[in-house]
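Notes follow the structure.
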Amino acid sequence: MRIRLFIFAFFLFVSSENIELLDNVLRSMRKGLDFFRLELKNLNLDSVIGTRIVEGQLHQALISHRKIPNRIRLEISNLIEKAALISNLSIPYIQLNQPEYYNTLQGSIQPGIWELNEDLQRTYQVTDHFISPREQMKESQSDECVANVLGTNDNPKRKCIINKFCLDLMTIDGFSKYSLSHQLFFWQLTKKAGCLKDNSLKHIKELNKRICSNMLVEAEYFSKQSSPRYHDLFMEQIALCGMEGFREDFCKEEWTLKIINWQYDDGCWGLTENSKRIKREEKVLKNGCLAHRTAVALSSQTQLLRHLLEKSDN
Ligand SMILES: *[C@@H]1O[C@H](CO)[C@@H](O)[C@H](O)[C@H]1NC(C)=O
């Protein structure tokens with residue numbers, strides 16, 4: 001009887017065609033993390049932002065869904081464990097290899113900082129978003145603003161500082177591409193660090209909604225491009241806006257399949273373009289694998305997975 005009940009519960013959960021996709025995402029994430037595990041000494045800080053997001057977001061998934069079948073719960077726990085191990089073991093190498101960058105951005109890889117759990121919400125229709133060919137924000141500016149909020153390694157106690165320059169930079173309308181995602185990244189960390197209260201919380205939630213509404217316009221556009229030059233940004237958009245609660249808009253089945261499809265046999269996501277400008281935080285690993293791209297792919301998959309679990313709940 002207990003077996004029959006269990007099987008029945010399992011079928012209720014998996015009756016949708018979700019299960020195959022869910023299994024594919026889980027398998028893809030396992031392969032991705034196994035790749036990182038083999039490259040421990042070569043990872044960069046951005047890789048660990050990715051593994052911390054995997055830990056935090058999958059943990060939130062387990063907390064939010066009580067009815068996940070045991071097999072899937074176990075798989076997710078294994079992924080969390082794997083991601084935590086990679087984060088823990090690679091950080092000493094990052095301190096050694098990227099001391100300055102680590103000093104500035106260590107707050108973004110502290111345990112627990114990516115345990116975001118926003119209520120599900122929808123974007124609104126945007127008709128006038130212009131995708132600028134140029135980035136409006138320098139990565140160093142964004143890093144500096146994040147460091148002021150999270151504290152640096154030198155001065156971990158001085159936190160939650162948002163000067164006029166950063167406030168303007170992070171709230172200005174009309175940014176696109178990485179500049180736009182840096183704005184959202186900044187506010188998500190600022191909120192999680194406990195630097196926002198009452199009115200500002202409401203204000204920032206509204207701002208983030210505008211950012212994700214604009215980002216959806218971009219993601220739709222990038223998803224239709226045959227060139228792979230936007231893969232990295234596209235996956236970053238799914239990861240960040242997914243965490244903001246916009247999974248219904250950003251976690252489309254078609255996009256999920258694309259991302260799985262882009263994965264190399266090695267388990268990584270990598271170089272696809274011939275002439276490219278490598279982002280400063282990007283690092284080429286073996287066989288053309290890319291550290292940042294693999295990290296954003298894994299981060300996006302945490303949201304695709306959460307979305308599939310949410311669909312199964314209904
Ligand atoms: C990672 O490090 C944290 C904090 O030091 C520790 O609590 C956790 O058990 C470690 N996890 C793994 C998988 O090594």
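The values are calculated or read from the model by the stated rules, or taken from the named source; none is laboratory data. Every value quoted in this text rests on a predicted model; they were computed, and no experiment measured them. Ideal geometry is used to build each Cβ from the backbone, glycine not excepted, and the neighbour counts take in all protein chains shown.
Applying the condition of being more than 13 Å from Met29 (Cα to Cα) and buried (at least 20 other Cβ atoms within 10 Å of the Cβ) to segment 75-89 and asking which residue is farthest from the ligand (Cβ to nearest atom) yields Ile86.
In segment 168-185, the residues that are part of a helix (DSSP H, G or I) form Cβ pairs under 7 Å with partners that are among the aromatic types (Phe, Trp, Tyr), at six or more places apart or across chains, as follows: Met170/Phe186; Met170/Trp187; Gln183/Phe175. In the set Gly267, Gly245, Gly194, only one residue is part of a loop (DSSP other than H, G, I, E, B) and free of Cβ contacts under 8 Å to residues at least 60 places away in the same chain; that residue is Gly194. If the condition is being of a type outside the set (D, E, K, R) and closer than 17 Å to Thr294 by Cβ, then segment 52-83 contributes Ile53, Val54, Gln57, Leu58, Leu79, Ala83. In summary, Val126 fulfils each of the numbered conditions (1) outside any loop (DSSP other than H, G, I, E, B); (2) more than 20 Å from His292 (Cα to Cα); (3) among the aliphatic types (A, V, I, L, M) with the single exception of condition (1). One residue is enough: does segment 55-74 have a residue meeting the conditions in contact with a helix residue (DSSP H, G or I) (Cβ under 7 Å, 6 or more places away or on another chain), part of a helix (DSSP H, G or I), within 15 Å of the ligand (Cβ to nearest atom) and polar (S, T, N, Q)? Scanning segment 55-74, I find no residue that is in contact with a helix residue (DSSP H, G or I) (Cβ under 7 Å, 6 or more places away or on another chain), part of a helix (DSSP H, G or I), within 15 Å of the ligand (Cβ to nearest atom) and polar (S, T, N, Q), so the answer is no.
Here Ile109 passes the criteria (1) more than 16 Å from the ligand (Cβ to nearest atom); (2) of a type in the set (A, V, I, L, M); (3) over 20 Å from Asn18 (Cα atoms) except the one numbered (1). Taking residues in segment 278-292 that are modelled with pLDDT of 90 or more, and partners anywhere that are of a type in the set (A, V, I, L, M) and in a loop (DSSP other than H, G, I, E, B), the pairs with Cβ atoms closer than 8 Å and at least 6 places apart or on different chains are Cys289/Leu271; Leu290/Leu271; Ala291/Leu43; Ala291/Leu285.
When every residue of segment 58-72 is checked against the conditions, none turns out to be in contact with an Asp or Glu (Cβ under 6 Å, 6 or more places away or on another chain), within 30 Å of Glu282 (Cβ to Cβ), surrounded by 20 or more Cβ atoms within 10 Å (Cβ to Cβ) and modelled with pLDDT of 95 or more.
Do you know which residues across segment 90-101 are within 14 Å of the ligand (Cβ to nearest atom) and either surrounded by fewer than 16 Cβ atoms within 10 Å (Cβ to Cβ) or not hydroxyl-bearing (Ser, Thr, Tyr) (or both)?
Ile91, Pro92
Might you check whether a residue that is surrounded by 15 or more Cβ atoms within 10 Å (Cβ to Cβ) and over 20 Å from the mean Cα position of the chain (by Cα) occurs anywhere in segment 173-194? Within segment 173-194, not a single residue is surrounded by 15 or more Cβ atoms within 10 Å (Cβ to Cβ) and over 20 Å from the mean Cα position of the chain (by Cα).
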